[in-house]
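Just below is one structure, and these are the notes that go with it.
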Amino acid sequence: MSAWNIYFIAKFILYFGNFIDFHLLPNLLLAISVYFPLKALRWRQARLIVAIPCAIALFYHDTWFPPVGRVLSQAGYMNSFSPAYMLELAGRLVNLNLLAVLITGALIYWIVRRWLRISAFVIATMVTIVPAWSLRDHLAALATTHSARAGQATAVQTSDDNTPSASAADSATIEAASKRFFTSEKNRVLATPQANPSDVPFDIIVIQVCSLAWDDMKFVNLEQPALFGKFDLLFTQFSSGASYSGPAAIRLMRSSCGQMSHKDLYGATNPGCFLFQNLDQAGFPTQFAMNHDGHFGRFLDDLRQHGNLNASPIEINDTSVYLKAFDDTPIRDDYAVLEKWWKSRLALPNPRVALYYNTISLHDGNHYPGTSTGDSVKIYRPRLEKLLSDIDKFSHLVEASGRNAALVFVPEHGAALRGDKMQISGLREIPAPSISLIPVGVRLLGKQVNHGSSPVLVDTPSSYLALAQLLYGMAAKSPFADSVKISDYTHGLARTQFASDNGGIMVFKYQGRYYLHNTGEDWQEYRQ
């Protein structure tokens, strides 16, 4: 029974270390079945044949990893990963400190097994210490909740109360609330803006950044970058609604309507939902640029088919290569691409244009040319600093030209640098708030702009509908006209409850708590 003892002891170590969950009843049934003495060899062999796959499945069930079916559905994308990036991801699965503890536990077991009945210890631990430990965690969570409620008792409440409820809601309640949310979102559609031809003209420049969330900036100790201080407006509770690039980009493209479910993103929709099509009709012809080729995950195809972005991206093969992606394809220098686009824009007679620019300079697995992947997390901050510097440099270029522009900075999703006990660093299968809460800012570029001393903060729960509403307000009344302030556009901005959806997995915020839903399973409180 030594192997089974080691199996359960290892699970105890992981559970008490808060690395996995421990479902008591199935583990207890497995322990009783494998410890029950059988005399006949053939029955012991048959039991072993059944017990081993059951033990493997139960171990996975005790982790907080996504369902196996969901993992297999995403496995095809791994074919594009370079061997070096695959090795980097594998390395993130190994916790050397935890491995040392497990080895120590195995050695201790090997020493004391001659004098102690370890199997009896295993059963005793399951029926006494594990339940007590679970109760302790539950009481600690309740104490934290009550403390949070007491500390926020005098706070002004919003429609999406950030004060946690006294206890978690049941699955049926969350399911009903999520359905009400998506039903109500279907009724929210913005009217197409109309620009005043005699108003002060300006361009709209939307820069969508792959892999940047508030939590990523905190992780690399860059919570207040200089560029953010130059924004005229900053959303502090903006939800991307997704943790993958394609869905996030489609959500931006369809931002004139309320938040759609992941499934609805890939179906027909109201023609009035498309942001850039509406801006085009308002007098802002669409321009398009990227610092990559857009092939991975059918990103470019998704923009065209489901985002109705019909403009062709500018040619970038003559710009300098800054990075190599996780699949070894080239990533172009952000400033070089933006500068090239701006030169071509200045040659156009149009008084107004709207640019969509997509950059993947911060994506996980990127590495400098001539080096292999190995620690893309380590070079995340230098890449972030350069990206922000490039955008700032580009902003000065626009201002120096004498033209006016509204620059919109909107990430797709976070990089998941920190990781958590449900997924390792870099994986974004679960659209957690640490990945989906992103910094979105607007900077007015022009010589006659009166900037405030700090950005105007939109600190209510928001998403793409509020951003589209803001841009439509600017299109209808130029922010560069006399006596117009950026705060004039913030009145009545749409609020959107946090709901981040990857299709098979959703995270939903209800009464101050986050809940997780896997296809075919009940809702459960999300373990951040």
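The values are calculated or read from the model by the stated rules, or taken from the named source; none is laboratory data. Worth saying up front: this structure is predicted, and the values here are computed from it rather than measured. Here the Cβ positions follow ideal geometry from the backbone for every residue, glycine too, while neighbour counts run over all protein chains shown. Accessible surface is based on the protein model in full, side chains and every heavy atom, while ligands, DNA and RNA are left aside. Shrake-Rupley method; radii C 1.70, N 1.55, O 1.52, S 1.80 Å.
Here are a few things to note about the model shown:
- Accessible-area composition of the chain, carbon plus sulfur, in percent [1.4 Å probe]: 59
- Listed residue (Met290, Val353, Tyr7) projecting farthest to the positive dipole end of the chain, Cβ model: Tyr7
- Taking the convex hull of Cα positions in region 363-511, its mean projected area over all directions (nm²): 12.1
- Residues of type lysines that Lys186 reaches as a straight line, Cα spacing below 19 Å, ignoring anything fewer than 8 places off in the same chain: Lys263, Lys509
- Under 13 Å from the Cα of Lys393 - aspartates and glutamates, other chains or at least 8 residues apart: Asp333, Asp334, Glu339, Glu385
- The chain, dipole about Cα centre (Lys/Arg Cβ +1, Asp/Glu Cβ -1), debye to the nearest 20: 1460
- Additional length obtainable on full extension of the chain from Thr192 to Val50, 0.36 nm per residue less Cα span: 44.9 nm
- Relative contact order of the chain, defined on C-alpha pairs under 8 angstrom at six or more residues apart (%): 23
- Size of region 464-528: Rg and Dmax of its alpha carbons, in Å, are 18.0, 56.
- Ordering of 476-487, 436-447 by burial proxy (mean other Cβ atoms within 10 Å per residue, highest first): 436-447, 476-487
- Span-rule helices in the chain, defined as complete DSSP H runs reaching 27 Å or more along the axis (Cα) with Kyte mean at least -1.0: 41-62, 130-151, 380-400
- Lysines with Cα under 19 Å of Lys421, excluding same-chain neighbours fewer than 8 positions away: Lys11, Lys218
- In the chain, a dipole from Cβ-located charges (positive for Lys and Arg, negative for Asp and Glu) runs towards its positive end, and of His306, Pro369, Thr125 it is Thr125 whose Cα lies farthest in that direction.
- Dividing the alpha-carbon radius of gyration of region 300-429 by the rule-of-thumb value 2.2 N^0.38 Å gives 1.18.
- Among the cysteines of the chain, those whose beta-carbon sits 4.7 Å or more from every other cysteine beta-carbon are Cys54, Cys210.
- A protection proxy built from the mean count of other Cβ atoms within 10 Å ranks the segments 347-360, 10-23, most packed first, as 347-360, 10-23.
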